[in-house]
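Notes for the one structure printed next.
The values are calculated or read from the model by the stated rules, or taken from the named source; none is laboratory data. Treat the numbers as computed from the prediction; the structure is a model and nothing was measured. When we count neighbours, we look across all protein chains shown, and the Cβ atoms used for this are built from the backbone with ideal geometry, even at glycine.
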Amino acid sequence: MGMVAWTIAERFSLQAQLGAGRYDLRWNQEEMSMEGQFRGGLLWSGDAKLVILDMLDTSFAADVQAGGWSWMEGPMTVNAIVATKSAVSSLRYWQIGLALTQRISLFSPYIGFAVNRTRFKLTHLPFGSGWMHARHVLGPFGGCSFSSGSFFLLNCEWRGWFEEGLSLSAQVRF
């Protein structure tokens, strides 16, 4: 993944990301098991963040994101039998979040809530196309950033309800 970011006084930022990736899919239900391995394609996203209120070392911010991936292809099996060698997957999402952050020296712990819509599509399957939609649209998140100024950022974040995940990311900025 590559990222381009533009920031004004650490109060407003715009970011764009492009890259490629891979993932494995495993779906089980009573009478059917599907597995696939997807690669390549294009991962993309955009993000805008605005600090609404900044008093002393506490800030309240809004964040808007949209993105997904396109043209990721790979083989799919149904009940351990090759169903297709070229299934195509795509994902689209958008998210709006609000967060409260407290700066403590180099650390910035934060908590917030996000509204999220996600949809996932598989095509070129022997039985047509398959769609999945996010079950929950609202969820909490929390994390902590470590930054030595405008050159380095390390972030750890947990998300719940609409998305169950833990992420660790690092940025070297220049």
Those residues of segment 125-162 that are of a type in the set (Gly, Ala, Ser), under 14 Å from the mean Cα position of the chain (by Cα) and either under 30 Å from Asn79 (Cβ atoms) or modelled with pLDDT of 90 or more (or both) come to a total of 2
Please go through segment 97-124 and give me each residue that is among the hydrophobic types (A, V, I, L, M, F, W, C), under 16 Å from the mean Cα position of the chain (by Cα) and over 15 Å from Gly142 (Cα atoms), ordered by number. Phe120
What about Phe162, is it among the hydrophobic types (A, V, I, L, M, F, W, C), surrounded by fewer than 15 Cβ atoms within 10 Å (Cβ to Cβ) and not in a strand (DSSP E or B)? no
Restricting to segment 51-77, and then to whatever is assigned to a strand (DSSP E or B) and surrounded by fewer than 13 Cβ atoms within 10 Å (Cβ to Cβ), can you tell me which residue is modelled with the lowest pLDDT? Trp71
Subset of segment 44-73 [hydroxyl-bearing (Ser, Thr, Tyr) and closer than 16 Å to Ile8 by Cα]: Ser59
Among the residues of segment 122-144, which ones are farther than 30 Å from Ala87 by Cα and touching a residue at least 40 places away in the same chain (Cβ under 8 Å)? Phe141
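Kindly establish whether Leu43 is in a strand (DSSP E or B), within 14 Å of Ser89 (Cα to Cα) and at pLDDT 90 or above.
The answer is yes for Leu43.
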Can you tell me which residue is farthest from Met3 (Cα to Cα) among those in segment 37-86 that are within 15 Å of the chain's Cα centre (by Cα) and of a type in the set (A, V, I, L, M)? Val64
Can you go through Ser145, Ser150, Ser169, Ser108 and tell me which one is part of a loop (DSSP other than H, G, I, E, B), under 27 Å from Gly2 (Cα atoms) and either touching a helix residue (DSSP H, G or I) at 6+ places or on another chain (Cβ under 8 Å) or not acidic (Asp, Glu) (or both)? Ser150
Condition first: more than 21 Å from Ser150 (Cβ to Cβ), without any contact (Cβ under 8 Å) to a residue 24 or more places away in the chain and not small (Gly, Ala, Ser). Can you find one or more residues in segment 82-99 that meet it? yes
What do you reckon, is Val4 aliphatic (A, V, I, L, M) and farther than 24 Å from Arg119 by Cβ? yes
Of residues in segment 124-150 being surrounded by 14 or more Cβ atoms within 10 Å (Cβ to Cβ) and of a type in the set (S, T, N, Q), the one nearest to Gly68 (Cα to Cα): Ser145
Per-region count, segment 60-95, residues within 17 Å of Val137 (Cβ to Cβ) and among the polar types (S, T, N, Q): 2
